[in-house]
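The values are calculated or read from the model by the stated rules, or taken from the named source; none is laboratory data. It should be emphasised that the depicted structure is a prediction, and the values quoted were computed from it without experimental measurement. Methodologically, a virtual Cβ is constructed for each residue, glycine included, from the backbone with ideal geometry; neighbour enumeration extends over all protein chains shown. The protein model used for the area step is the full one, side chains on, heavy atoms only, and it has no ligands, DNA or RNA in it. Shrake-Rupley method; radii C 1.70, N 1.55, O 1.52, S 1.80 Å.
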Amino acid sequence: MAPHNCKSCLHNKLKNKMAEEASSSLSSEDQENGMQNGISDHPSMPWFGMDIGGTLCKLVYFEPRDMMQDETEEADILKNIRKYLTKNSSYGKTGHRDTHLQVIIMDNVELRGVVGTIHFIRFPTSQMKKFLTLANQKGMAKLITTVCATGGGAYKFEEDFKKSVNMRLHKCDEFESLVKGLLYVDKSNLTECYYWTNPTDETKCAKVSYDFSKPYPFLLVNIGSGVSILAVKGPTDYKRVSGTSLGGGTFLGLCCLLTGCSTFEEAISLAAEGDHTNVDKLVKDIYGGDYAKFGLPGDLVASSFGQMNSRDRRSKVSRQDLARATLVTITNNIGSIARMCAIQQKIDRVVFVGNFLRVNPIAMKLLAYAMEYWSNASMRALFLEHEGYFGAVGCLLADR
């Protein structure tokens, strides 16, 4: 007799194998608690990974190519979740699926022996309660008992997940998830890594693919609400070498105060139309031109917001100028710290990631110019297409 090979049976076998693996990794206390609650510690299909940051929550959804076809409650929930997440690119007013990141390669990835598609979804962390309500409405709580998560929010919202949807958060190490997710996505997408040529000349500026197949060592600058900088010498050989509290959250917070905007997208849109020289004091404002003795060009910022001590200047400045100056200030600070770390660690490749870079080519080109100019072209700023989702992807790969 030929072996029975229906999709639902394959799915159930996979689930049983996952449950056995998860059970073997649990402590006796965890296993006892799981049995008392009638739940397993390992999430069943669909698979989710979350990176809950201070400003933005990043959610990745792995959609198996072959879904369950049998008529069970679990199968119906799976189909409803799949339909809702994949047929929409926005969820409510603040949730978005970044469809442009779902490149062809990410439609055909393998995860734990299963082939499927990874979807990339984001929403403000401040909307977590609405997300949990939606998760309840879509039946996720009936299907999933554990979600793998990283970031500060994995601790902050742990009780909310338990109370609202009866889900447990399996907390993954933030830096391990970041590095693991980055390497996985880059390996899956051969055009993931790139750099900018002639970043200050709009007529010649170009985005060029970079071969990152032999990455080590590299400096990883993760720009979220704040900034963490890692020296990465191998897939498990990395350490945090520096950071700064002046990151994407600082940019947005200051823009909201100075311009009255309310979203990151609005702040970037304003900055794109502004002129930071109406706000910043340049080298030429002090020296009348270049400061040749120390190799400082006249158009270099000498004092961020240095013109704003003049009442006359303040009366003429626009919201756009203030947003642009804020962006330049934050970006220059990050670039300066990254360069010093690269020199200290003797590393010439600096990889910038994080949601601060989303819809933000201004900052990327500023970073590209700074790395190249101040290192006399010995350092290169590299960027990645999936920017801020690597921590969430790393959670999908976590050993649970």
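Residue 231 fails exactly one of the following numbered conditions: (1) open to solvent by 30 Å² or more (accessible area, probe 1.4 Å); (2) touching a residue at least 60 places away in the same chain (Cβ under 8 Å); (3) more than 16 Å from residue 367 (Cβ to Cβ). What is the number of that condition?
Residue 231 satisfies every listed condition except (1).
For residue 213, work out the one condition from (1) within 16 Å of the chain's Cα centre (by Cα); (2) assigned to a loop (DSSP other than H, G, I, E, B); (3) of a type in the set (S, T, N, Q) it doesn't fulfil.
Answer for residue 213: the failing condition is (1).
With respect to the numbered conditions (1) among the hydroxyl-bearing types (Ser, Thr, Tyr); (2) touching a Lys or Arg at 6+ places or on another chain (Cβ under 6 Å); (3) open to solvent by 40 Å² or more (accessible area, probe 1.4 Å), which one is the sole condition not fulfilled by residue 245?
In the conditions (1) among the hydroxyl-bearing types (Ser, Thr, Tyr); (2) touching a Lys or Arg at 6+ places or on another chain (Cβ under 6 Å); (3) open to solvent by 40 Å² or more (accessible area, probe 1.4 Å), residue 245 misses (2) alone.
Provide a single number: the residues in the stretch 336-369 that are within 16 Å of residue 380 (Cβ to Cβ) and among the aromatic types (Phe, Trp, Tyr).
The qualifying residues number 2.
Taking the residues in the stretch 98-133 that are open to solvent by 60 Å² or more (accessible area, probe 1.4 Å) and among the hydroxyl-bearing types (Ser, Thr, Tyr) as candidates, determine which candidate is farthest from residue 53 (Cα to Cα).
Among residues in the stretch 98-133 that are open to solvent by 60 Å² or more (accessible area, probe 1.4 Å) and among the hydroxyl-bearing types (Ser, Thr, Tyr), the one farthest from residue 53 (Cα to Cα) is 99.
Quick one: residue 68 ticks every box in (1) at pLDDT below 80; (2) over 24 Å from residue 166 (Cβ atoms); (3) part of a loop (DSSP other than H, G, I, E, B) except a single one, so which number is it?
(2)
Conditions first: (1) within 30 Å of residue 126 (Cβ to Cβ); (2) part of a loop (DSSP other than H, G, I, E, B). Residue 298 passes all but one, so which condition is the exception?
In the conditions (1) within 30 Å of residue 126 (Cβ to Cβ); (2) part of a loop (DSSP other than H, G, I, E, B), residue 298 misses (1) alone.
Quick one: how many residues across the stretch 297-334 are open to solvent by 30 Å² or more (accessible area, probe 1.4 Å) and either touching a residue at least 40 places away in the same chain (Cβ under 8 Å) or in contact with a Pro (Cβ under 6 Å, 6 or more places away or on another chain) (or both)?
Residues that pass the stated criteria total 6.
If I ask for residues that are more than 30 Å from residue 273 (Cα to Cα), basic (Lys, Arg) and surrounded by 17 or more Cβ atoms within 10 Å (Cβ to Cβ), which ones from the stretch 339-394 would you list?
349
So which residues in the stretch 135-157 are open to solvent by 40 Å² or more (accessible area, probe 1.4 Å) and either at pLDDT 90 or above or not in a helix (DSSP H, G or I) (or both), if there are any at all? Working first, answer last.
Pass one, the stretch 135-157, residues open to solvent by 40 Å² or more (accessible area, probe 1.4 Å): 136-138, 142, 152, 155-156.
If the condition is that a residue be open to solvent by 40 Å² or more (accessible area, probe 1.4 Å) and either at pLDDT 90 or above or not in a helix (DSSP H, G or I) (or both), then 138, 152, 155, 156 are the ones that fit.
Being open to solvent by less than 40 Å² (accessible area, probe 1.4 Å), farther than 19 Å from residue 394 by Cα and of a type in the set (A, V, I, L, M): is that true of residue 165 here?
Numbers: open to solvent by less than 40 Å² (accessible area, probe 1.4 Å): yes; farther than 19 Å from residue 394 by Cα: yes; of a type in the set (A, V, I, L, M): yes.
Yes, satisfied.
Among the residues of the stretch 250-294, what is the count of those that are at pLDDT 95 or above, open to solvent by 70 Å² or more (accessible area, probe 1.4 Å) and of a type in the set (Lys, Arg)?
Residues flagged as at pLDDT 95 or above, open to solvent by 70 Å² or more (accessible area, probe 1.4 Å) and of a type in the set (Lys, Arg) within the stretch 250-294 amount to 1.
Identify, please: which residue in the stretch 192-228 is touching a strand residue (DSSP E or B) at 6+ places or on another chain (Cβ under 6 Å) and of a type in the set (Gly, Ala, Ser) and is, among those, surrounded by the most Cβ atoms within 10 Å (Cβ to Cβ)?
Per the stated criteria, the residue is 228.
Would you confirm whether or not the stretch 75-97 contains a residue that is free of Cβ contacts under 8 Å to residues at least 60 places away in the same chain, open to solvent by less than 50 Å² (accessible area, probe 1.4 Å), in contact with a His (Cβ under 8 Å, 6 or more places away or on another chain) and not in a helix (DSSP H, G or I)?
The answer is yes, given that some residue of the stretch 75-97 is free of Cβ contacts under 8 Å to residues at least 60 places away in the same chain, open to solvent by less than 50 Å² (accessible area, probe 1.4 Å), in contact with a His (Cβ under 8 Å, 6 or more places away or on another chain) and not in a helix (DSSP H, G or I).
Out of curiosity, is residue 362 touching a residue at least 60 places away in the same chain (Cβ under 8 Å), part of a loop (DSSP other than H, G, I, E, B) and not small (Gly, Ala, Ser)?
no
Only one residue in 245, 209 is closer than 22 Å to residue 331 by Cα, hydroxyl-bearing (Ser, Thr, Tyr) and at pLDDT 95 or above. Which one?
Working: 209 fails: closer than 22 Å to residue 331 by Cα.
After ruling out the rest, the residue left standing is 245.
If you scan the stretch 172-191, which residues turn out to be open to solvent by 40 Å² or more (accessible area, probe 1.4 Å) and acidic (Asp, Glu)?
Of everything in the stretch 172-191, those that are open to solvent by 40 Å² or more (accessible area, probe 1.4 Å) and acidic (Asp, Glu) turn out to be 173, 174, 176.
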